[in-house]
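**Student:** One structure is given below, represented as C-alpha cells, and several questions about it will come after.
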Amino acid sequence: MFLLVVTFIGHAQTRDSLALTPPMGWNTYNTFAGNFNEKLIRDMVDLLVSTGMKDAGYTYVIIDDNWTGPRDSLGFLTVDRSRFPAGLAPLSEYIHAKGLKLGLYSDAGYKTCGGYNASRGHEFQDALLFARLGADYLKYDWCNTDNINAIGAYTTMRDALIATRRPMVFSMCEWGNNKPWVWGKGIGNLWRTTGDITACWDCIDDHGGQYNSYGVMKILDMQDTLRAYAGPGHWNDPDMLEVGNGSLTEIESRAHFSIWCMLAAPLIAGNDLRTMSKSTLDILTNKEVVAIDQDSLGVQGFKQSTPDSIQTWYKPLKGGNWAVCFFNRGSKSATLKHDWKNNVIHDAVAIVDLNCGQHVYRIRNLWTKKELGSTATVLEATLSSHDVLMLRLQK
Ligand code: GLA
C-alpha cells in the first residue's frame, strides 16, 4: 500500500514537472482557423524569434485543428499534404533548430471539431506518431465524443503520452463540461475551463445555434471559484489570448493580458505576428507583467470588488511579494483611492496575508515601468474605462 501511494505521487509529480509555470506559446487557431500551411508557420516561427517573443517566453508553436490527413494502411495518421507537402518532419526540425517547441492537436472523438481524423481508438498509435514527429505538447479536444467518459478518455491519452517516453505537455480542451479542474491534476497540465474565446470585449457569438464563443469579459466571469484547483504543473486555462485581435482596443488588450497574468493562465498568443502593431508586441512582451504570470509560487490570483466599478485583483508571489491589479470594468473613467494599510487581504487558498500595516512594500507600476512610492501612502489614480493599473508590491 505504502509503495502504491509513493508510486502514484511520484507519477503525478513527473507530469506536473512538464509545466511548472503556465505554458507560453503561439497557436494557429484564433486568427487562422484552417487557413494555414507550412510556409505560414515558418513565417510565424521566424517572427517569434525576431520580434523578441521567444525571448519573452513564448516557446510552444502549436498547430491546431486541420493538420491531419487520412490514416495509412497501418492505421497511422498522415499529415495533410496540401498544407505540408513534405510532411511535418522538416517543420518540426525547423522549430526545434530555432530553440522553440512543437505543439500538435488532436481530439478524443473519431473526428476533430473541424471534421478531420482524430484519436479515438488510436490513442497509443497517435501518441507514438506525435512523439516521432517531435511534438512537445498535445492539445486534446472534445468534439464528436458522443457519450464517452471524459476522465477515462483523457486518462487513456495521458497514459499513451507517457508510454512514448517523450515529455509532452498535455493540454485538455474539454471546455469545462465535466469540471476537469476537479479531476485533471495528474492527468493534464492545463485544462480549458470554458467554451471558446472570441475577439471582442463582452459579446457572445452564436454559431448558428450549434455552440457559442465568448468575449474576454464573459470568459473572465466564468473563472470565479476555480483558483484552488490550479498550481505548478496543472493550470486552469481560460483559453488563448486575443491580444491585438478583433474589436479589442489597445486598452482592452492590455487589460485582457494583465488579468490573464493575474490568473496564472497559460499565455498562448493567437494573433497574426506578421501584422501586429507595436502596442500589441509591447503588451505581449512586457517581461515584468509576464513575470507575474510565470511566478514560481504558482498561485492563481483573485478579485475583490470595490465601488465605482473598479475591481481589485490580488496575486501572491514568491518571497512574500504581491501583484495587485486595479481594473476599471465600467464604461466611464473612475477614480481610485486605495489606503493599503486599511485593506488587509487574506488569501485563504495560499494562506498568506497582505498586511501593509505590518510591512511597507515598494510599488512598481508594471505598464509604465516606473516606481510608484510605497504602501505607506494612500494610492490615488484615475483609470479610463476598461483600463488597468497593474502593480508589483516588493518587500
Ligand atoms: C474547439 C477548441 C478550439 C479549437 C477548435 C478547432 O472549438 O475549443 O480551441 O481547437 O476546436 O477546431
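The values are calculated or read from the model by the stated rules, or taken from the named source; none is laboratory data. Because the structure is a prediction, the values reported are computed rather than measured. All Cβ positions, even for glycine, are placed from backbone atoms using ideal geometry, and neighbour counts span all protein chains on display. The accessibility values were calculated without ligands, DNA or RNA, using every heavy atom of the protein model including side chains. Shrake-Rupley method; radii C 1.70, N 1.55, O 1.52, S 1.80 Å.
**Student:** Select from the stretch 365-395 the residues that are of a type in the set (Lys, Arg) and under 25 Å from the mean Cα position of the chain (by Cα) and list them in ascending order. Before you say what the answer is, go through the steps one by one.
**Tutor:** Our first condition is that a residue be of a type in the set (Lys, Arg); within the stretch 365-395, this holds for 369-370, 392, 395.
Hits for the stretch 365-395 are LYS369, ARG392.
**Student:** Being aromatic (Phe, Trp, Tyr), more than 21 Å from the chain's Cα centre (by Cα), more than 11 Å from the ligand (Cβ to nearest atom) and open to solvent by 20 Å² or more (accessible area, probe 1.4 Å) narrows it down to one of PHE130, PHE124, so name that one.
**Tutor:** Numbers: PHE130 fails: open to solvent by 20 Å² or more (accessible area, probe 1.4 Å).
Result: PHE124 is the single residue among PHE130, PHE124 that is aromatic (Phe, Trp, Tyr), more than 21 Å from the chain's Cα centre (by Cα), more than 11 Å from the ligand (Cβ to nearest atom) and open to solvent by 20 Å² or more (accessible area, probe 1.4 Å).
**Student:** Name, by its number, the condition in (1) open to solvent by 10 Å² or more (accessible area, probe 1.4 Å); (2) part of a loop (DSSP other than H, G, I, E, B); (3) not basic (Lys, Arg) that does not hold for ALA265.
**Tutor:** (1)
**Student:** Among (1) free of Cβ contacts under 8 Å to residues at least 40 places away in the same chain; (2) part of a loop (DSSP other than H, G, I, E, B), there is one condition TRP201 misses while meeting the rest; what is its number?
**Tutor:** It fails just one condition, (1).
**Student:** Within the stretch 173-194, identify whether any single residue is β-branched (Val, Ile, Thr), in contact with a Gly (Cβ under 8 Å, 6 or more places away or on another chain) and within 11 Å of the ligand (Cβ to nearest atom), and answer yes or no.
**Tutor:** Step one: filter the stretch 173-194 for residues β-branched (Val, Ile, Thr), giving 182, 187, 193-194.
From what's left, in contact with a Gly (Cβ under 8 Å, 6 or more places away or on another chain): 193-194.
Cutting the leftovers down to within 11 Å of the ligand (Cβ to nearest atom) gives us 194.
Scanning the stretch 173-194 turns up at least one residue that is β-branched (Val, Ile, Thr), in contact with a Gly (Cβ under 8 Å, 6 or more places away or on another chain) and within 11 Å of the ligand (Cβ to nearest atom).
**Student:** While we're here: Please find, within the stretch 362-378, the residue that is surrounded by the fewest Cβ atoms within 10 Å (Cβ to Cβ) out of those that are touching a residue at least 40 places away in the same chain (Cβ under 8 Å) and basic (Lys, Arg).
**Tutor:** So in the stretch 362-378, the residues touching a residue at least 40 places away in the same chain (Cβ under 8 Å) come out as 364, 366-367, 369, 378.
Imposing the further condition that a residue be basic (Lys, Arg) reduces the set to 364, 369.
On the way: ARG364: 17, LYS369: 11.
My answer is LYS369.
**Student:** Please go through (1) among the hydroxyl-bearing types (Ser, Thr, Tyr); (2) surrounded by fewer than 17 Cβ atoms within 10 Å (Cβ to Cβ); (3) within 17 Å of LYS303 (Cα to Cα) for SER258 and return the number of the only condition it doesn't satisfy.
**Tutor:** Just one mismatch for SER258, condition (2).
**Student:** Taking the stretch 92-126, which residues are of a type in the set (D, E, K, R), over 17 Å from ASP43 (Cβ atoms) and in a loop (DSSP other than H, G, I, E, B)? Break it down into steps so the answer makes sense when it comes.
**Tutor:** As a first pass, look at the stretch 92-126 and keep what is of a type in the set (D, E, K, R): 93, 98, 101, 107, 111, 120, 123, 126.
Of the ones still in play, those that are also over 17 Å from ASP43 (Cβ atoms) are 101, 107, 111, 120, 123, 126.
ARG120, the sole residue that qualifies.
**Student:** Given the conditions (1) among the β-branched types (Val, Ile, Thr); (2) surrounded by fewer than 24 Cβ atoms within 10 Å (Cβ to Cβ); (3) touching a residue at least 24 places away in the same chain (Cβ under 8 Å), which single one is not true for THR78?
**Tutor:** THR78 satisfies all of (1) among the β-branched types (Val, Ile, Thr); (2) surrounded by fewer than 24 Cβ atoms within 10 Å (Cβ to Cβ); (3) touching a residue at least 24 places away in the same chain (Cβ under 8 Å) except (3).
**Student:** Name the pairs whose Cβ atoms lie under 6 Å apart, with the first residue in the stretch 337-361 and open to solvent by 80 Å² or more (accessible area, probe 1.4 Å), the second outside any strand (DSSP E or B) and of a type in the set (Ser, Thr, Tyr), and 6 or more positions between them or separate chains?
**Tutor:** Filtered contacts from the stretch 337-361: VAL360/THR375.
**Student:** When LYS111 is evaluated against the numbered criteria (1) within 12 Å of the ligand (Cβ to nearest atom); (2) within 24 Å of ALA230 (Cβ to Cβ); (3) open to solvent by 50 Å² or more (accessible area, probe 1.4 Å), which criterion, by number, is the only one it fails?
**Tutor:** Unmet condition: (2).
**Student:** Within the stretch 304-334, can you find the residues that are surrounded by fewer than 18 Cβ atoms within 10 Å (Cβ to Cβ), modelled with pLDDT of 95 or more and part of a strand (DSSP E or B)?
**Tutor:** Across the stretch 304-334, the qualifying residue is only GLN311.
**Student:** Residue check, GLY209 against (1) away from the ligand (no atom under 14 Å from the Cβ); (2) out of contact with any strand residue (DSSP E or B) (no Cβ under 8 Å at 6 or more places or on another chain); (3) at pLDDT 95 or above; (4) more than 29 Å from PHE124 (Cβ to Cβ), all met but one. Which one?
**Tutor:** All conditions are met except number (3).
**Student:** Does ILE148 meet the test of being more than 16 Å from the ligand (Cβ to nearest atom), modelled with pLDDT of 95 or more and outside any helix (DSSP H, G or I)?
**Tutor:** On the way: more than 16 Å from the ligand (Cβ to nearest atom): yes; modelled with pLDDT of 95 or more: yes; outside any helix (DSSP H, G or I): yes.
The answer is yes for ILE148.
**Student:** If you check every pair at least six apart or on different chains, which have Cβ atoms under 7 Å apart with a residue in the stretch 311-329 that is of a type in the set (Gly, Ala, Ser) first and a residue that is assigned to a helix (DSSP H, G or I) second?
**Tutor:** Sorted first by the residue in the stretch 311-329, then by its partner, the pairs are ALA323/MET262; ALA323/ILE292.
**Student:** Kindly list, by first and then second residue, each pair from a residue in the stretch 48-74 that is on the phi > 0 side of the Ramachandran plot to a residue that is hydroxyl-bearing (Ser, Thr, Tyr) and at pLDDT 95 or above, limited to pairs with Cβ atoms under 7 Å and residues at least 6 apart or on different chains.
**Tutor:** GLY52/THR285; ASN66/TYR116
**Student:** May I pose another question? Could you list, in sequence order, the residues of the stretch 156-174 that are open to solvent by 10 Å² or more (accessible area, probe 1.4 Å), over 14 Å from TRP142 (Cβ atoms) and more than 21 Å from the chain's Cα centre (by Cα)? Give the derivation first.
**Tutor:** Pass one, the stretch 156-174, residues open to solvent by 10 Å² or more (accessible area, probe 1.4 Å): 156, 158-159, 162-167.
Then keep just the ones that are over 14 Å from TRP142 (Cβ atoms); that gives 158-159, 162-167.
ASP159, ILE162, ALA163, THR164, ARG165, ARG166 - these are the residues of the stretch 156-174 that are open to solvent by 10 Å² or more (accessible area, probe 1.4 Å), over 14 Å from TRP142 (Cβ atoms) and more than 21 Å from the chain's Cα centre (by Cα).
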